[in-house]
Amino acid sequence: MKITYALALAGMLAFSGSAFAASSTATTTDTTVKPAATAATTNAAKPAATTTTAAKPAAADAQKQAISKKCSADADAKGLHGKDRKKFREQCKTAAMKKS
């Protein structure tokens, strides 16, 4: 009985090993290589464009944070909590963004 289990286990290991080997070779043959000249020309133009556009979102984020802090401080001063506070902050932030 022990021999039967040992043979069954050995058979399963043999078949599972070949299944894993087949799947790993299929993934390694699917790789493709891009030409170096194309990659170099497209990457050279991108850094300049991303550095100029990155400054605008950072300034906008800082402005949004300042507005949010001001609206939170105003809500604290009025003693608002829960849904009333949320509604007040939404209205405050919307009005402040329209002004700027």
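So, counting K/R as plus one and D/E as minus one, what does the shell of residues with Cβ under 13 Å around residue 88 add up to?
Values: positive: 70, 78, 83, 85, 86, 87, 89, 93; negative: 74, 76, 84, 90.
Result for the neighbourhood of residue 88: +4.
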Quiz item: Between residue 90 and residue 77, what is the spin-label point distance in nm, taking each point 7 Å from the Cα along the Cα→C-beta axis?
Solution: 2.3 nm
Quiz item: Which of the lysines could a cross-linker span from residue 64 if the Cα-Cα distance has to be under 25 Å and same-chain partners fewer than 8 positions apart are dropped?
Solution: 56, 78, 83, 86, 87, 93, 98, 99
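Every number here is computed from the coordinates shown, using simple stated rules; none is lab data. Owing to the predicted nature of the structure, the values given are computational and were not obtained by experimental measurement. Using ideal geometry, Cβ is built from the backbone for each residue, glycine included, and neighbour counts are taken over all protein chains shown.
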